[in-house]
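Shown next, in structure tokens, is the structure this report addresses.
Laboratory data are not the source of any read-out in this text; all were calculated from the coordinates shown. Since the structure is predicted, the reported quantities are computational estimates derived from the model, not experimental observations. Here the Cβ positions follow ideal geometry from the backbone for every residue, glycine too, while neighbour counts run over all protein chains shown.
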Amino acid sequence: MKERPNERIDSSTVNTEDMGINAIASSQHDWVERMGWHNKTALEALALIGSEVGEAVNECRGEAPSAEFGSELEDIVLRVADLAKSEGVNLAEEIRSKMAINEKRGTRGRLV
């Protein structure tokens, strides 16, 4: 069993403002690895992403999203970033590619 350090990342020392999505993915992946928390399979990671989506849904049950909604979105993004890094997915390239495809799709029957 991998030893888990008792350290926690001080988020005030991590400047994500200038980090691209791949750098964020690498940073998150490295931290999860140091903590010994990596999932055994991609399916397990996806299930946990789904649970985070459920938590975000719970934060939207009122008239407007709660103050915790942003934190739940952050959890989703960080889990997706970690999974992408674990599976060798270049998120920046995949996002650029998908956005280019979406630009060519038009409205797909939706009223504008």
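Assorted remarks:
- Selected from 42, 26, 56, residue furthest toward positive end of dipole (region 17-85; charges at beta carbon): 42
- Neighbour net charge for residue 25 - beta-carbon separation under 13 angstrom, K R +1, D E -1: -4
- Inter-label distance, nm, simple model (7 Å from Cα along the C-beta direction), residue 107/residue 34: 5.0
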